[in-house]
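**Student:** Take a look at the following structure, please.
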Amino acid sequence: MTTDGQNDASISANQPKRDPVRRGSNRGVVLFCLTALVTMGAATWAAVPLYRLFCQVTGFGGTPMRADRAPDRIVDRTITVRFDANVVPGMPWSFEPVQRTLEVKLGENALAFYKAHNTSNETVKGSASFNVSPDNAGAYFSKIECFCFTEQTLAAGESVDMPVSFFVDPKMLDDRDARVIKEITLSYTFYPVEDSGSAKAEVKPTEARQGG
């Protein structure tokens, strides 16, 4: 005959014991998953600015390069630069190139102008994205000064000429795919900026309406 105490002891002996090693292993898996999620979130947040920086440094995707000055040599080979202007829907500006095309020599420091006009009755701040086509010309199209480097603010009814100083690098002739290019299109798209922390979107000109 068994007592209640003996029955309790028997039941306790038959129950599986918790493995402290397994508990530690489970905690490690949870911590690993949380770390992975945080890392993925940080990578996603940084992806856009890193991609833009990569494009500016390499000319990838038709993003023009930036330079401090034009190269020392000018090659007697001309190329046509065509200028395109766009504004996103809802942007109360008219925006157009002063000249439609320029013939420039490779290595020559050229200057072009765009004109913007605020058609609204209030001050509007804008920021311009940009690209060149064909895409493989981006690595050889460099801007020295450009209105697109900073945000632009126009008062109600104000008009302004916006300059862009650029050159096409003679190194393009060393690229068997790029040296056949005879025409490059430089395109800008203006977006409204709500505050100084707003980010520029990167879209193709076909996603915006023509500014004039």
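The values are calculated or read from the model by the stated rules, or taken from the named source; none is laboratory data. A quick note: this is a predicted structure, and the numbers were derived from the prediction, not measured. FYI the Cβ positions are ideal-geometry reconstructions off the backbone, even for glycines, and counts take in every protein chain you see.
**Student:** Just to be sure before I move on: is A128 touching a residue at least 60 places away in the same chain (Cβ under 8 Å) and either over 17 Å from M65 (Cα atoms) or out of contact with any Asp or Glu (no Cβ under 8 Å at 6 or more places or on another chain) (or both) in the structure I sent? Working first, answer last.
**Tutor:** Working: touching a residue at least 60 places away in the same chain (Cβ under 8 Å): yes; either over 17 Å from M65 (Cα atoms) or out of contact with any Asp or Glu (no Cβ under 8 Å at 6 or more places or on another chain) (or both): yes.
In short, yes.
**Student:** On to the next question. Among all residue pairs at least 6 apart or on different chains, which show Cβ distances below 6 Å where the first residue, located in the range 69-85, is assigned by TED's automatic domain parsing to the domain that holds A116 and the second is at pLDDT below 95 and of a type outside the set (F, W, Y)?
**Tutor:** Partner pairs satisfying both residue conditions: D84/P205; A85/G211.
**Student:** Given the conditions (1) without any contact (Cβ under 8 Å) to a residue 24 or more places away in the chain; (2) under 23 Å from the mean Cα position of the chain (by Cα), which single one is not true for Y191?
**Tutor:** Looking at each condition in turn, Y191 falls short on (1).
Quick grid of which residues meet (1) at pLDDT below 95; (2) buried (at least 20 other Cβ atoms within 10 Å of the Cβ); (3) in a strand (DSSP E or B):
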{"site": "K115", "(1), (2), (3)": "no, no, yes"}
{"site": "N121", "(1), (2), (3)": "no, no, no"}
{"site": "N136", "(1), (2), (3)": "yes, no, no"}
{"site": "A139", "(1), (2), (3)": "yes, yes, no"}
{"site": "G157", "(1), (2), (3)": "no, no, no"}
{"site": "D177", "(1), (2), (3)": "yes, no, no"}
{"site": "T185", "(1), (2), (3)": "no, no, yes"}
{"site": "D195", "(1), (2), (3)": "yes, no, no"}
